[in-house]
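One structure below.
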Amino acid sequence: MKSDKRNKKKLFIRTFGCQMNVYDSETLADLFFLRNILLTDNMGEADIVFVNTCSVREKAEQKACSFIGRLQRFKLKKPNLIVAVGGCMGQRMGETLPERFPFVDIVVGTDTFYYLPELVERYRTSGKKLVQLEFSREFPRLPLVKECVSGQVTAMVTIMQGCDNFCTYCIVPYVRGREKSRPSSDIVREIQELTSKGVKEVTLLGQNVNSYGLKDGDITFPELLRLIARETDLLRLRFTTSHPKDLSEDLMKCFHDLEILCKHIHLPVQAGSNKILRLMNRRYTREEYLQKVRKLREYCPEIAISTDVMVGFPGEEEADYLDTLRLLEEVRFDTVFSFKYSDRPGTAAASFRGKVPEKVKTRRLIQLQELQNKITLEQNEKLVGTVQEVLVAGTSKADERQLTGRTGDNHIVNFYGPRNLIGELVPVTIVEAYAHSLKGELPLVGEFSREKDQCVICR
């Protein structure tokens, strides 16, 4: 006799922030699934609400706090609702979070969210608020349920967590802890489980994947990439994020040697001024960064490079900012994620002098984004008329009649085609370029089989 889903307890998760938070939320949903508590996208029917927060920038915390504040009315309507908060803001605020939001019942940190199912049971028994934040030295070995990825074409796998770099603006070492690498055998097993459920592409996650294994791992990051290429059935492999100072030539060679490794790297530069890079404690110079970009392109001429750039760091003068603009013009990144500096509690830069006025930061950000949008469009226009191999991930959010996917170098492509192409690598002709995506067409796209809904290239 099948169990009635309507009688099972329900979990609602709201995730803010990075891909690692998304992965953590999926892991947590799987842990609750083992206890017969099902994930729901309807907060009104939830018995448990978990908010996975971000603390990297002030704006991210404001969004999370705004959402948490709105939960009070749900708690008033449903007094037995359990409200839990985790993620980086949960780790940072700890016991002060229930003081600010008295209706929050449980707070977990970035290393203790795995215990939330147990904490929920404890709370139901005792009714006492619970806060658990301690960091662990090792990755927990979790059951490979992977219920959340059923039907997905792409997935993420965390390979390491924490950071030892202590960039002066960054709160990550304080809310994610020190670097620790996951055993390579666990990573391979998880990817094998994902491919058995139909996943074709995996993105490896870490605050600095380049330093995987250097402190406490069994193999290095390039060795891990080669192991995954040998031992799994993945079609594609990606990774993020890379710290430029740890980008080795051995890793660069992987882009040339490994067929499954996508020709794209996210390499955050943050600033183009040596003075600002030094104040940030990035531990590389502008010249060293540019040399690594040149070397990458020698090993893999077609590689796409994206980056992060911050404007308005304390002490940034106009000349420093112009150095950053010149670096964008020289490298010609495919994509740039840009933002204004904001003080983060406990970081060294929060106490730096020479804070840049908000108006100046806004003007610099707008000007930088205008320049990069122009560069990105020019880069994308070079692809018009070419045939690109696209892994079809699903239907477009903007138009469900269209399919959407990514090229190996991480360009989003939207095109019309039959849904049975989802999960397949297909050749797509690029017919139009936009600032953030490409429009494509299947070869002989008009010739479909009415019976099978297949185009001629798929018969």
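Miscellaneous remarks
- Matching residues, region 341-355, being in contact (Cβ under 8 Å) with a residue 24 or more places away in the chain and not aromatic (Phe, Trp, Tyr): SER342, ASP343, ARG344, PRO345, GLY346, THR347, ALA348, ALA349, ARG353, GLY354, LYS355
- Among the residues of region 229-266, those that are assigned to a helix (DSSP H, G or I) and under 20 Å from the mean Cα position of the chain (by Cα) comprise PRO244, ASP246.
- In region 136-156, the residues that are among the polar types (S, T, N, Q) form Cβ pairs under 6 Å with partners that are assigned to a strand (DSSP E or B), at six or more places apart or across chains, as follows: THR154/GLU201; THR154/ALA393.
- Residue-level analysis places ASN52 outside the set of residues that are touching a residue at least 24 places away in the same chain (Cβ under 8 Å) and over 24 Å from MET93 (Cβ atoms).
- Failed item in (1) at pLDDT 95 or above; (2) closer than 25 Å to GLU288 by Cβ; (3) out of contact with any helix residue (DSSP H, G or I) (no Cβ under 8 Å at 6 or more places or on another chain), with LYS215 passing the rest: (1)
- Region 40-92, residues that are small (Gly, Ala, Ser) and either under 16 Å from LEU11 (Cβ atoms) or part of a loop (DSSP other than H, G, I, E, B) (or both): GLY44, ALA46, SER55, ALA84, GLY86, GLY87
- Residue in region 268-288 that is free of Cβ contacts under 8 Å to residues at least 24 places away in the same chain and assigned to a loop (DSSP other than H, G, I, E, B) present: yes
- Given (1) touching a helix residue (DSSP H, G or I) at 6+ places or on another chain (Cβ under 9 Å); (2) assigned to a helix (DSSP H, G or I); (3) acidic (Asp, Glu), number of the condition ASP164 does not satisfy: (2)
- Per the listing THR220, THR241, THR232, THR307, the residue uniquely touching a residue at least 24 places away in the same chain (Cβ under 8 Å) and under 20 Å from GLN372 (Cα atoms) is THR307.
- Region 356-385 residues that are closer than 10 Å to TYR321 by Cβ, paired with ones that are in a helix (DSSP H, G or I) and β-branched (Val, Ile, Thr) (beta carbon under 8 Å, 6 or more apart): LEU368/THR324
- As a summary of the residue check, CYS88 satisfies the conditions (1) surrounded by fewer than 21 Cβ atoms within 10 Å (Cβ to Cβ); (2) under 21 Å from the mean Cα position of the chain (by Cα) except for the one numbered (1).
- Conditions (1) among the polar types (S, T, N, Q); (2) without any contact (Cβ under 8 Å) to a residue 60 or more places away in the chain; (3) buried (at least 18 other Cβ atoms within 10 Å of the Cβ); number of the one not met by SER66: (3)
- Within region 127-152, the set of residues being at pLDDT 95 or above and either under 20 Å from GLU26 (Cβ atoms) or not in a loop (DSSP other than H, G, I, E, B) (or both) comprises LEU130, VAL131, GLN132.
The values are calculated or read from the model by the stated rules, or taken from the named source; none is laboratory data. Note that the coordinates shown come from a computational prediction; the quantities given were computed from them, not determined experimentally. Neighbour counts are summed over all protein chains in view; Cβ atoms, including those assigned to glycine, are modelled from backbone coordinates with ideal geometry.
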